[in-house]
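Engineer: What follows is a single structure, and I will ask about it in a moment.
Throughout, read-outs are computed from the coordinates displayed, never taken from laboratory work. Since the structure is predicted, the reported quantities are computational estimates derived from the model, not experimental observations. With ideal geometry, Cβ positions are generated from the backbone for all residues, glycine too; neighbour counts draw on all protein chains shown.
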Amino acid sequence: MTHRDAYLLLFVVALIWAGNFPLAKLGLSELGPMTLAALRALIAAPLLVLTTRVLEGPLPRLARRQRLMLVVQLMRALEIEVMFDLSLELTTVGVGMKEHAEPIAKRVDERHERRGE
């Protein structure tokens, strides 16, 4: 890889990284955070697999144990998200978190408005 190629890739990464905040802010105005995160993963995963296949060739086959571990990890991640959402909706802790987070968020917004951000 030449220096030019390395700097070009660095520029692409910086561009993607910098574009993440405005796009997330725009997306959160229309979608919930979990929906947005799921959409990002659904878009990014196939693109990463495709890019890897183009650059590196076919992906190696996963052993049975590796496939099982992948399924377990995906189920665990889903379980954590579902349980967190349910706990916020069904317990008094969720009510307390929402009640206390709202005034803080309003104060942060007010400070940003005063600063002109």
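Engineer: Taking every alpha carbon pair in segment 1-60, what does the distance histogram look like in 10 angstrom bins from 0, in percent?
Structural biologist: Binned Cα distances yield the sequence 19, 35, 32, 13, 1.
Engineer: What's the ranking of 11-22, 34-45 by average number of surrounding C-beta atoms within 10 Å, highest first? Walk me through the intermediate numbers first.
Structural biologist: Details: 11-22: 9.8, 34-45: 12.0.
Per-residue Cβ counts within 10 Å, averaged per peptide and sorted highest first, yield 34-45, 11-22.
Engineer: With the crude spin-label approximation of a point 7 Å out along Cα→Cβ, what separation in nm comes out for L68 versus L8?
Structural biologist: 4.5
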